[in-house]
Amino acid sequence: MPNHQHWQRPLSAMPAAMPVVVLIAALLAGCGGGGGGSSTAPTSNIQPSTLPQQPGAPSFTGNTALDGYNWINYRRAQLGLSVLARNGQVDAAAQGHSDYLRLNNTVTHEQTAGAPGFTGVNLADRLSAAGYGLTGGYAIGEVISATPNTSGFYQAEELITAVYHRFVMFEPVFKEVGTGATTAAGNYTYFTADLTARNGLGAGIGAGRLVNYPANNQTDVPTSFSSDTESPDPVPDQNVVGYPISVHADSGRGGGGVVVRSFTVAPRGGNALSARLLSSATDSRTTASAAAIIPLAPLRAATVYDVSFDGTVGGVATTRTWSFTTTR
């Protein structure tokens, strides 16, 4: 029963004008537990035993927090994003929050003063308590995973699959990350990743530029996603849909973010699939610096898919085409 949540607050690098973007979501599946509610939706088809065998993947250590950190950077590097430095103070904030979730049998981004393991009401408070001061323009984000699986690779990959969480994890302007994990009875494991930038945002990918996921020529891409397991539900009128496809630009740079004119996916040689578009113009929960399409039916196995994006990024006309192949 995976249960995932994310929270993001990227801010402008200019202290005089610091717009706030807040995203809150949860991924729920299975039969309840962990304080996260319940759903009858099936879990993801990700097979954690196969993840370490993917080309270029990090070596599995068995340390959930370390493996989660390594898997996040592995996927970011596939997109052409900067890898995130691991920060001990941010680690402490993330570990403290995972401990709080276990001690209180809950999944939440806000802690209650006086509850066991309390370290701060919100992420900014918890970072401050760990000695990580937020100065100047900054960006912070948090994703949480709670599943009966101790693999950090699995935890991170499940979070990436859930598209609202992916928007946080693939934000280009983050500089550092901290991860923490703790396991309760039955291997029920709480994993927290806190992503940060302070004293100005990271270099990102540059004005008018995009990265995409799945990456170009990526293989073994899952065919489906259980939409009902994510809250808010990105496709509220149905459950099993195709794997989400997304583009990501720098946050906090101004210029209008990502504007979509067309965004399509098709099996090679075939027609474009029916899909739900997530963009700031069509979906209030999608950050202005990203967009996604979710095919309304599962993808075919062992099939090459061609993707086309046309729009603007920060007011700059941008087109992009790429391909990926689904798992067998």
For this session: Scan (1) at pLDDT 95 or above; (2) assigned to a loop (DSSP other than H, G, I, E, B) for the single condition residue 265 breaks and write down its number.
Result: (2)
Problem set entry | Among (1) at pLDDT 95 or above; (2) exposed (fewer than 14 other Cβ atoms within 10 Å of the Cβ) - the single one residue 72 does not satisfy | (2)
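Here is a yes/no grid of residues against (1) in contact with a strand residue (DSSP E or B) (Cβ under 7 Å, 6 or more places away or on another chain); (2) not acidic (Asp, Glu):
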site	(1), (2)
94	yes, yes
98	yes, yes
102	yes, yes
110	no, no
131	no, yes
137	no, yes
168	yes, yes
183	yes, yes
186	no, yes
Exercise. Is at least one residue of the stretch 303-324 over 30 Å from residue 137 (Cβ atoms) and under 20 Å from the mean Cα position of the chain (by Cα)?
Worked result: yes
Exercise. Does the stretch 189-230 hold any residues that are open to solvent by less than 30 Å² (accessible area, probe 1.4 Å), part of a loop (DSSP other than H, G, I, E, B) and in contact (Cβ under 8 Å) with a residue 60 or more places away in the chain, and which are they?
Worked result: 200, 201, 202, 205, 208, 210, 214, 215, 222, 223
Exercise. Going through the stretch 272-281 one residue at a time, which ones are surrounded by 20 or more Cβ atoms within 10 Å (Cβ to Cβ) and in a strand (DSSP E or B)?
Worked result: 275, 276, 278
For this session: Go through the stretch 100-120 and give me each residue that's among the small types (Gly, Ala, Ser) and within 20 Å of residue 143 (Cβ to Cβ).
Result: 117, 120
For this session: Filter the stretch 125-156 down to the residues that are part of a helix (DSSP H, G or I) and touching a Pro at 6+ places or on another chain (Cβ under 8 Å), then identify the one that is most open to solvent (accessible area, probe 1.4 Å).
Result: 154
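A quick yes/no check of all residues on (1) open to solvent by 50 Å² or more (accessible area, probe 1.4 Å); (2) among the basic types (Lys, Arg):
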position	(1), (2)
283	no, no
287	no, no
297	yes, no
305	no, no
314	no, no
317	yes, no
320	yes, yes
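The values are calculated or read from the model by the stated rules, or taken from the named source; none is laboratory data. Here the structure is a predicted model, which means the values were calculated and not measured. Cβ sites come from the backbone with ideal geometry, for glycine too, and all protein chains shown count toward neighbours. These accessible areas exclude ligands, DNA and RNA; they are computed on the full protein's heavy atoms, side chains included. Shrake-Rupley method; radii C 1.70, N 1.55, O 1.52, S 1.80 Å.
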